[in-house]
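Take a look at the structure below.
Here, each number is a calculation from the coordinates, and none is a lab measurement. Here the structure is a predicted model, which means the values were calculated and not measured. Quick reminder, even Gly has a Cβ in these numbers, built from the backbone with ideal geometry, and neighbours come from all protein chains shown.
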Amino acid sequence: MTFSPEKALSVQNLGVTFSDASGVVHALHDLSFTLAPNEFVSLIGPSGSGKSTLLRVLAGLIPPTHGTFAFNQNQPKVGLVFQKANLMPWRRVIDNVGLPLELQGAPAAEIEERAMDLIQLVGLEGFEQAYPRDLSGGMAQRVAIARSLMQDPDMLLLDEPFGSLDDLTRERMGDELLHIWQARRKTVLMVTHSISEAIYLSDRVLVLSPRPGMFKLDLPIDLPRPRTPDLRYAPKFSALAQKLRESLRDENGYAT
C-alpha cells in the first residue's frame, strides 16, 4: 500500500478471521484508518469486538487475514502495554524497566541512566530498588509503561492499561499518562472501555461495532490541551460522551 509521510500509521481494509473451539470467528472486518504522528487515539467498543486483536496485529504478534497496514518507518519500534503489568517478580523496578536494553546487550551504565530517567518520568523516583510485590497496581502499571518506553518506541499500544484499577487510581493514572505523553509525544493507540477516559486523554476516539469489529464512529475530541480534571464537568465533555454512548447502542437501544 502507498504511505504518506504525514501519517504515523495507515491501515487499509484490514480483517482478521481465526478458528477456535466453537468454529470460525470473524474478529475484525474491513478496517481502514490512519494515525497522525504524535496523535493520541482511543479505541472503544463492546467486549469481543476485536479491539485487543487489532493491537496485536499492529504489534506484529498475529498476522491479518486480509488487508494491509504500514508505519512511516520500515522497521518501527512498537511498545505494547497490557492490562496486567506482567513484571518479573524477582527483578527490582530499575531492572524491570531496563530489561529491553539489557536484552539488546546495551552497556550497563547506559541502561541504568535511561532507566532512571524513565523512572523519574513516571513518578517512581525512590522506588527504583523496590520489587513488584511492594508496588500498588497503579505503580506497577507505571513501571510497565516506563519499560515500554525504554527503546524509545515510535508508537505506543495500550491495551486497557488501567482496567484493573479502582476508579480514583484510574483517574490519577490518566493524568500521569497525559504527563508522559506530553513529555515524550509518542503516537498512541489505546484500548479502553471507559468513555470518560477516552475523551479525557484523546485527540480522536474510534468506536468498533460488535463482532466482527467494524468502525461505527470516528469522533474528533476538540477539547483544549493541556487537559485538567475539571474538564470532565464541562458541557462540551458531556456532549461528546453522549455521542459515544449513542454510537455504542444496538438496534434495540441497549448499550453494547
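Data table
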| item | result |
| --- | --- |
| Nearest-20 debye value, the range 1-135 charge dipole, Cβ charges on Lys, Arg, Asp, Glu | 440 |
| Cross-link reach list, aspartates and glutamates versus K243, counting only Cα pairs under 18 Å and skipping chain neighbours closer than eight places | E197, D203, D218, D222, E251 |
| Percent RCO, i.e. relative contact order, over the chain, from Cα pairs under 8 Å lying at least 6 residues apart | 25 |
| Convex hull volume of the range 183-251 per residue (C-alpha atoms, cubic angstrom) | 97 |
| The range 1-73, relative contact order in percent, only Cα pairs under 8 angstrom and at least six apart counted | 45 |
| Convex hull per residue volume in Å³, alpha carbons only, for the range 77-132 | 95 |
| Cα-Cα pairs of the range 76-221 separated by more than 19 Å (percent) | 53 |
| Greater than 26 Å apart at Cα, pairs in K77/K236; K7/K51; K77/K216; K7/K216; K84/K236; K51/K77 | K77/K236; K77/K216; K84/K236 |
| Kirkwood hydrodynamic radius of the chain, from inverse mean 1/r over distinct Cα pairs, in Å | 19.2 |
| 222 nm mean residue ellipticity, helices alone, for the chain (DSSP H n ≥ 4; -39,500 (n - 2.57); rounded to 500) | -10000 deg cm²/dmol |
| Electrostatic dipole magnitude of the chain [Cβ: Lys, Arg +1; Asp, Glu -1; Cα centre; debye, to 20] | 380 |
| Tensor-based shape of the range 28-75 (alpha-carbon gyration tensor, a/c under 1.5 rounded, otherwise prolate or oblate) | oblate |
| Per-selection Kirkwood Rh - the range 1-85 (Cα, Å, 1 d.p.) | 14.0 |
